[in-house]
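First comes the structure, then the notes that go with it.
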Amino acid sequence: MKEELIVSGRMNAKIDPVLHAWGWEISVYLFLGGLAAGLLFFAGVYYLLGKAKKYPTAVRKAPVLVPIILALGLFALFLDLHHKPYFWRLYTTVKLQSPMSWGAWTLMVVTPISMIWAAINIREWLPNWDWKFQWAKDIEKFFVGYKKHMAWLMVIFGVILGIYTGILLSAFNARPLWNTSILGPLFLTSGLSAGSALIMLISKSKKERKVFAQIDLILIGIELFFIVHMFMGFMASTQVQQEAAQLFLGGHLTAQFWIFVVVLGLLVPAALEIMELRKIHIPVLVPVALILFGSFMLRWLITYGGQLSRYLY
């Protein structure tokens, strides 16, 4: 009798019966990364359009929060790492075929730019701020002269960062739910929506709130379009992707997705924003909280659901 040795990962507790590689940390990281991308994008766009005075919250005030948001996101990512002392190795090489390499280097560009932009506009939050040292004032003056260049970088890398949060998942071909090109644009749109919502919350200008409510309504419509077409693509694809879609179309993640993401995270805030635009007063905190909650739940459910989907039976 011929004996064969079969090596399998199916006996690994974190693989069988489903994958358990990524927990809440990754969902938090993806959410905060998308939020930061949205804030940077709007700050850069409206500065380049010459509307910094018209929309001061979007251009100057909200972006001050970006370094904090990125720091929290990177801390969540750090918690997820199994070999924490070696995170720096991501920066010893550039792999164009690796989404993680793209993400690492994108964050390497975005983080210092966001910190510089925040430092330049710190007086939006602390009016009496004084750098005290002359060399610090000279550095601030130097970077003020390059605000246009930084704005272009914020727009470009804000888009890259927002799309990357989706591509990070879609690059895993072994997970049918993640294996779709729509995740990148979907997560980017969700991040822009979260950014516009936070700007509405911080802004004290009714006109600025109105503009970003209108922007958010458009983004919500685009987000719903991507969600519908994502599931249409799954249902028109292979059996494993149809089964992955069934997690949200009758499976045990159905209620969570359609209630927390679609209804509470998209449709209800859209209805509240429409009411506000029609001069029916709605506390701004309500739609903003729902949008941010829905944005996080989208990433959490997609991250969790993707690990449930598989090719093996």
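Please treat every number below as a calculation from the coordinates, not as lab data. All values derive from a computational prediction rather than experimental measurement. Using ideal geometry, Cβ is built from the backbone for each residue, glycine included, and neighbour counts are taken over all protein chains shown.
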*What residue among 243, 140, 25 has the largest mean-square fluctuation in a Gaussian network model of the chain, using Cα springs under 10 Å?*
140
*Taking θ as phi - 60°, what are the ³J(HN,Hα) couplings along region 213-225 by the Karplus curve (6.51, -1.76, 1.60), each to the nearest whole Hz, with x for Gly and Pro?*
5, 5, 4, 5, 4, 5, 5, 4, x, 5, 4, 4, 4
*Report ³J(HN,Hα) in whole Hz for each residue of region 239-255, in order, from the Karplus equation J = 6.51 cos²θ - 1.76 cosθ + 1.60 where θ = phi - 60°; Gly and Pro get x.*
4, 5, 6, 5, 5, 5, 5, 5, 4, 10, 10, x, x, 7, 9, 4, 4
_Only Cα pairs within less than 10 Å get springs; with that Gaussian network setup on the chain, which residue of 102, 125, 117 has the largest fluctuation?_
125
*What residues have an amide H closer than 5 Å to that of residue 247, excluding those fewer than 5 places away on the same chain, when H is modeled at 1.01 Å from N in the peptide plane?*
none
*Vicinal HN-Hα couplings computed from phi for region 197-207 (Karplus, 6.51 cos²θ - 1.76 cosθ + 1.60; Hz; Gly/Pro x)*: 5, 5, 5, 4, 5, 7, 5, 9, 9, 5, 5
_Placing unit charges on C-beta atoms (Lys and Arg positive, Asp and Glu negative, everything else neutral), compute the dipole magnitude of the chain about its Cα centre in debye, rounded to 20._
1140
*Under a no-solvent Debye model with one identical scatterer per Cα of region 24-308, what's log10 I(q)/I(0) at q = 0.07, 0.17 Å⁻¹?*
-0.27, -1.38
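Can you tell me the relative contact order of region 63-220? Whole percent, Cα pairs under 8 Å, sequence separation 6 or more.
In percent, rounded to a whole number, it is 18.
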*Note down the Stokes-Einstein diffusion coefficient of region 206-246 in µm²/s, whole number, using a Kirkwood radius over alpha carbon pairs, 37 °C, and 0.692 mPa s.*
276
_Angle between the chain longest axis and helix 99-120 axis [Cα atoms, degrees, rounded to 10]_ = 20
*asked:* Which residue, 113, 226, 146, has the largest displacement toward the positive end of the dipole of the chain when charges sit on each Cβ (Lys, Arg +1; Asp, Glu -1)?
replied: 146
*In whole angstrom, how far apart do the alpha carbon centroids of region 77-104 and region 148-168 sit?*
18
*If one computes the Cα centroid of region 206-270 and of region 52-73, what distance in Å separates the two points?*
26
*At 222 nm, what helix-only mean residue ellipticity would the chain give, in deg cm²/dmol to the nearest 500, using -39500 (n - 2.57) for each DSSP H run of four or more?*
-20500 deg cm²/dmol
*At 20 °C and 1.002 mPa s, grab the translational diffusion coefficient of region 148-295 from Stokes-Einstein with a Kirkwood Rh over Cα pairs, rounded to a whole number in µm² per second.*
131
*So what's the angle, to the nearest 10 degrees on a 0 to 90 scale, between helix 24-48 and the longest Cα principal axis of the chain?*
40
*Considering only Cα-Cα distances, which of the following residue pairs are longer than 28 Å: 51/204; 132/204; 51/137; 132/207; 148/207; 148/210?*
132/204; 132/207
*asked:* As I understand it, the value is the acute angle between the Cα axis of helix 66-80 and the longest principal axis of the Cα atoms of the chain; what does it come to in degrees, rounded to 10?
replied: 20
*Relative contact order %, region 24-308, counting alpha carbon pairs below 8 Å whose residues are six or more apart*: 23
*Choose one answer from 94, 59, 45: the residue with the largest mean-square fluctuation in a GNM of the chain with alpha-carbon springs under 10 Å.*
94
